[in-house]
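The values are calculated or read from the model by the stated rules, or taken from the named source; none is laboratory data. These numbers come from a predicted model, not from an experiment. Positions of Cβ are generated from backbone atoms using ideal geometry, with glycine treated the same way; all protein chains shown enter the neighbour counts.
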Amino acid sequence: QVAQKDYDRERKVPSEFVVELAHARAMAHQDWIKAKTASDFSLFAPALTRQFELARRLADYLGYTEHPYDALLDLFEPGMRASQVTSILGSLREQLTALLRRIQNEGAAIDDDLLHQPYDVIRQREFTYDVMRRFGYDFTRGRHDASPHPFCTSFSSDDVRITADTQPEDLAYLLFSAMHETGHALYEQGISPQLARTPLAQGASLGVHESQSRMWENLVGRGRPAWTFFYPRLQGLFTTQLGGVTFDRFYQVINRVQPSFIRIQADELTYNLHILVRFELEMALLEGKQSVADLPQAWNDKMEAYLGVVPPNDALGVLQDVHWSEGLIGYFPTYTLGNLIAAQLFNTALAAHPSLPDEFAAGEFGALRGWLHDHVHVHGRKFTANELLQRITGGGLDARPYVDYLTAKFCDVYQIT
Ligand code: ZN
């Protein structure tokens, strides 16, 4: 069924249009680089206008019943509808902006200077590799290398590699990007060998993949239980830098909330607001309700409304991400969908194994990994995100568990009652 769907979809798009699309994307990418370097949106505007024209035509070729965005979203998140995403992200917008205001009004500011001191890179790697092994990454079927932007790539479930750079004066960078990529890698390493060399030997969707990376990076990797085990070890490696820093202080610092301009540097809470800005704008652009010429202003208005910050220039604003230049329209929401799915799956795993937090505090992560393997990883691409959620949780996509998780966590971090 999956192979047939892939095949039928490719056949719906004429070859000439595929050529046109590839050409326009290559040109748009070059224009985007020039525009971002000069921080001048007008250099990218014509190419972006064309990207959205082409996206509308692509949606027409692919076909849809409700909304052209459905056809585009389906390329990244099979079976998901724009209406489903609009309503879920809409409810998230109200609740997360309210939580952010509470943190800003009632919580004391947290500075993260202690993370930005000289930290020996060899020791950083030693510690990070230990975390990766404990999470379950199999170094005999993968490896870690350095690259400017972290990623995970799979050649087969027996060769799943990750990259993450080590920064000598930023303790958090390698550690949390490696945790994130380890989550992706566990998924790929866990796909059933019976699916090898078939179209099913990959993740279910971008959202489900991101649920795995964010679960290990945030729900586990930025949680109290895991650090109960890891922090004394980290302190032992970096006595000068962390010897006098209490556990509670360290926990607060790695969970600091700070609205900023750049999505990829955003904290766990405000990250979703960056996604909302992009999702709402790309929907409006696709529907013709937003003009490309006015996009920088619309971007800044939404940043101010949701995050309370206004980018000083287009490079730090509307031009920061590569995605639209590459025709990746319908892609951004998958990041937030991943967060929602992560919370839903984690709650279900916790109900099945109430001792998970105690195990994390003892450095044991095998029960969670095993549960994810049996319920998610092993199936590869057999089920869509909606089908997986239905099978595992008995319900559909739901923002409630994620909002509850964020509220409880950040009220604890910021000591808000
Ligand atoms: Zn990821």
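Structure data summary
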quantity: When residues of region 130-148 are limited to those that are free of Cβ contacts under 8 Å to residues at least 40 places away in the same chain and not aliphatic (A, V, I, L, M), the one nearest to the ligand (Cβ to nearest atom); calculated: 147
quantity: Members of region 335-349 that are β-branched (Val, Ile, Thr) and either within 15 Å of the ligand (Cβ to nearest atom) or touching a strand residue (DSSP E or B) at 6+ places or on another chain (Cβ under 7 Å) (or both); calculated: 336, 341
quantity: Residue match in region 204-223 (condition: closer than 24 Å to residue 137 by Cβ and away from the ligand (no atom under 16 Å from the Cβ)); calculated: yes
quantity: Positions within region 99-116 being among the β-branched types (Val, Ile, Thr) and either touching a strand residue (DSSP E or B) at 6+ places or on another chain (Cβ under 7 Å) or within 11 Å of residue 252 (Cα to Cα) (or both), in sequence order; calculated: 110
quantity: Pairs where the first residue, in region 34-63, is in contact (Cβ under 8 Å) with a residue 40 or more places away in the chain and farther than 13 Å from residue 21 by Cβ and the second is of a type in the set (Lys, Arg) and part of a helix (DSSP H, G or I), C-beta under 7 Å, 6+ apart; calculated: 63/12
quantity: Positions within region 389-417 being in contact with a Ser or Thr (Cβ under 9 Å, 6 or more places away or on another chain), within 29 Å of residue 196 (Cα to Cα) and surrounded by 15 or more Cβ atoms within 10 Å (Cβ to Cβ), in sequence order; calculated: 392, 393
quantity: Matching residues in region 200-233 - criterion: being part of a loop (DSSP other than H, G, I, E, B) and under 17 Å from residue 388 (Cβ atoms); calculated: 200, 201, 202, 203, 204, 205
quantity: Qualifying residue in region 350-357 (condition: assigned to a loop (DSSP other than H, G, I, E, B), within 16 Å of the ligand (Cβ to nearest atom) and surrounded by fewer than 18 Cβ atoms within 10 Å (Cβ to Cβ)); calculated: no
quantity: Conditions (1) assigned to a helix (DSSP H, G or I); (2) among the hydroxyl-bearing types (Ser, Thr, Tyr); (3) under 27 Å from residue 239 (Cα atoms); (4) touching a residue at least 12 places away in the same chain (Cβ under 8 Å): number failed by residue 173; calculated: (4)
quantity: Matching residues, region 293-324, being part of a helix (DSSP H, G or I), surrounded by fewer than 24 Cβ atoms within 10 Å (Cβ to Cβ) and out of contact with any Pro (no Cβ under 8 Å at 6 or more places or on another chain); calculated: 295, 296, 297, 298, 301, 302, 304, 305, 306, 323
quantity: Search result, residues across region 155-198 that are closer than 16 Å to residue 220 by Cα and within 15 Å of the ligand (Cβ to nearest atom); calculated: 176, 177, 178, 179, 180, 181, 182, 183, 184, 185, 186, 187
quantity: Meets criteria (under 23 Å from residue 407 (Cβ atoms), modelled with pLDDT of 95 or more and away from the ligand (no atom under 16 Å from the Cβ)) for residue 309; calculated: yes
quantity: Residue check, residue 247 over 22 Å from the mean Cα position of the chain (by Cα) and within 27 Å of residue 403 (Cβ to Cβ); calculated: yes
quantity: Residue match in region 253-268 (condition: within 16 Å of the ligand (Cβ to nearest atom), surrounded by 15 or more Cβ atoms within 10 Å (Cβ to Cβ) and in a helix (DSSP H, G or I)); calculated: yes
quantity: Any helices (runs of 4 or more DSSP H) falling wholly within region 11-105 and containing at least 3 residues that are more than 16 Å from residue 286 (Cα to Cα); calculated: 15-38
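Table: residues versus (1) among the small types (Gly, Ala, Ser); (2) modelled with pLDDT under 95.
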{"position": "214", "(1), (2)": "no, no"}
{"position": "223", "(1), (2)": "yes, no"}
{"position": "237", "(1), (2)": "no, no"}
{"position": "243", "(1), (2)": "yes, no"}
{"position": "253", "(1), (2)": "no, no"}
{"position": "256", "(1), (2)": "no, no"}
{"position": "265", "(1), (2)": "no, yes"}
{"position": "271", "(1), (2)": "no, no"}
